[in-house]
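S.K.: First the structure, which I've put down as structure tokens, then a few questions once you've had a look.
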């Protein structure tokens, strides 16, 4: 036996371990009749173990113990169709052309919504990642995030940028309202957090990543995330420094692409850190069925109290084990519903008839 293999953590070995807190996924049988909606794949639904244990004990686990993703609990979701990829720039452009929709980042901010803000900054724009020139403390996000006037879905890095060659990249600078508007136009909706995680797991139980236990099986990058030294030096080992065209990496077992990394994806649930505890209590320790998350007035983030947030899943091209490992399939993200950035997009789901 190779001593190196004995000493390596499970996240580097690719061993399909079923961790003790997880039970096998039980998929629903059958599939709806008729043709699949264009660009969508069938997610059978069923019962699964939702959440994650503490990943910090693993070399690949990162610094975040992710308490908001516990307790691990049994959840049932009905079957549904899901977009195989994140919504792309060309798809969103068709929506805008058909409806004349103007995204949030293209509208002038209202002074009453941002009391005390510099009037010179109350212009259309969005939040853009701008890497610093050297290493900086990781407790100050303003070292790499800035509000850029003129940044929007058509101009991802600001007015000097455009979508030429990025037609098949995921659309970004999309806030929750924008994503919901597209979904309604398309005859779809945004997924719940439970639907998203069931789909992302692809029938597997207890794995760290949508593809299994190993971050790099066979030394191969499986998702568009950040390599190098965050936030100032991205070595682009996976081939991309920003967003990548959808379906640039292998799909999971259900045929879903980019379900880890690339861009964060909006879910319909409001965020609160103890959502799972509340669900388990309401189910009296039994199976939680088709959870929808808390009401808006119950949403809160301990880091920014007073600000209601929606769930985001999948992580993005900026996620790294030095700062954020929320490309792990059982982890949770969140974002202010009125805010987009150049690493937030979405995909939709549709209920079978």
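The values are calculated or read from the model by the stated rules, or taken from the named source; none is laboratory data. Every value quoted in this text rests on a predicted model; they were computed, and no experiment measured them. Glycine also receives a Cβ, built like all others from the backbone with ideal geometry; neighbour counts cover every protein chain displayed.
Yes or no, residue by residue, for (1) more than 19 Å from residue 54 (Cβ to Cβ); (2) surrounded by 22 or more Cβ atoms within 10 Å (Cβ to Cβ); (3) in contact with a helix residue (DSSP H, G or I) (Cβ under 6 Å, 6 or more places away or on another chain):
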site: 299; (1), (2), (3): yes, no, no
site: 306; (1), (2), (3): yes, no, no
site: 312; (1), (2), (3): yes, yes, no
site: 322; (1), (2), (3): no, no, no
site: 326; (1), (2), (3): no, yes, no
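S.K.: Looking at 98, 111, can you tell me which residue is exposed (fewer than 13 other Cβ atoms within 10 Å of the Cβ) and over 26 Å from residue 262 (Cβ atoms)?
M.R.: 111
S.K.: Here are 148, 96: which of them is part of a strand (DSSP E or B) and at pLDDT 95 or above?
M.R.: Going through 148, 96 in turn, the sole match is 148.
Yes/no matrix, rows are residues, columns are (1) without any contact (Cβ under 8 Å) to a residue 60 or more places away in the chain; (2) part of a helix (DSSP H, G or I); (3) within 19 Å of the chain's Cα centre (by Cα):
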{"position": "81", "(1), (2), (3)": "no, no, yes"}
{"position": "102", "(1), (2), (3)": "yes, no, no"}
{"position": "105", "(1), (2), (3)": "no, yes, no"}
{"position": "109", "(1), (2), (3)": "yes, no, no"}
{"position": "115", "(1), (2), (3)": "yes, no, no"}
{"position": "128", "(1), (2), (3)": "no, no, yes"}
{"position": "131", "(1), (2), (3)": "no, no, no"}
{"position": "172", "(1), (2), (3)": "no, no, yes"}
{"position": "177", "(1), (2), (3)": "no, yes, yes"}
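S.K.: Another question about this same structure. Would you be able to say whether some residue in the range 231-254 is crowded, with 19+ Cβ neighbours inside 10 Å, in contact with a helix residue (DSSP H, G or I) (Cβ under 9 Å, 6 or more places away or on another chain) and within 24 Å of residue 52 (Cα to Cα)?
M.R.: yes
S.K.: Now for a different question. Restricted to the range 292-333, and to residues that are at pLDDT 95 or above, closer than 25 Å to residue 209 by Cα and not in a loop (DSSP other than H, G, I, E, B), which residue is nearest to the chain's Cα centre (by Cα)?
M.R.: Only one residue tops the list, namely 313.
S.K.: What tally of residues in the range 342-352 results from selecting those that are surrounded by fewer than 24 Cβ atoms within 10 Å (Cβ to Cβ) and part of a strand (DSSP E or B)?
M.R.: 2
S.K.: Report, ordered by the first and then the second residue, all pairs with beta carbons closer than 8 Å, sequence separation of six or more or different chains, a first member in the range 28-48 that is farther than 25 Å from residue 75 by Cα, and a second member that is in a loop (DSSP other than H, G, I, E, B).
M.R.: Pairs found: 34/353; 39/84; 39/85.
S.K.: How many of the residues making up the range 275-294 are in contact (Cβ under 8 Å) with a residue 12 or more places away in the chain, surrounded by fewer than 15 Cβ atoms within 10 Å (Cβ to Cβ) and out of contact with any strand residue (DSSP E or B) (no Cβ under 7 Å at 6 or more places or on another chain)?
M.R.: Adding up the residues that qualify gives 2.
S.K.: Does the range 59-69 hold any residues that are surrounded by fewer than 18 Cβ atoms within 10 Å (Cβ to Cβ) and in a loop (DSSP other than H, G, I, E, B), and which are they?
M.R.: 59, 63, 65
S.K.: Hey, another quick one. Given the conditions (1) touching a strand residue (DSSP E or B) at 6+ places or on another chain (Cβ under 8 Å); (2) farther than 24 Å from residue 230 by Cα; (3) not in a loop (DSSP other than H, G, I, E, B), which single one is not true for residue 159?
M.R.: (3)
S.K.: Could you list all residues from the range 214-233 that are assigned to a loop (DSSP other than H, G, I, E, B), in contact (Cβ under 8 Å) with a residue 24 or more places away in the chain and either touching a strand residue (DSSP E or B) at 6+ places or on another chain (Cβ under 8 Å) or farther than 13 Å from residue 60 by Cα (or both)?
M.R.: Residues satisfying the conditions are 215, 221, 222, 223, 225, 226, 227, 230, 231, 232.
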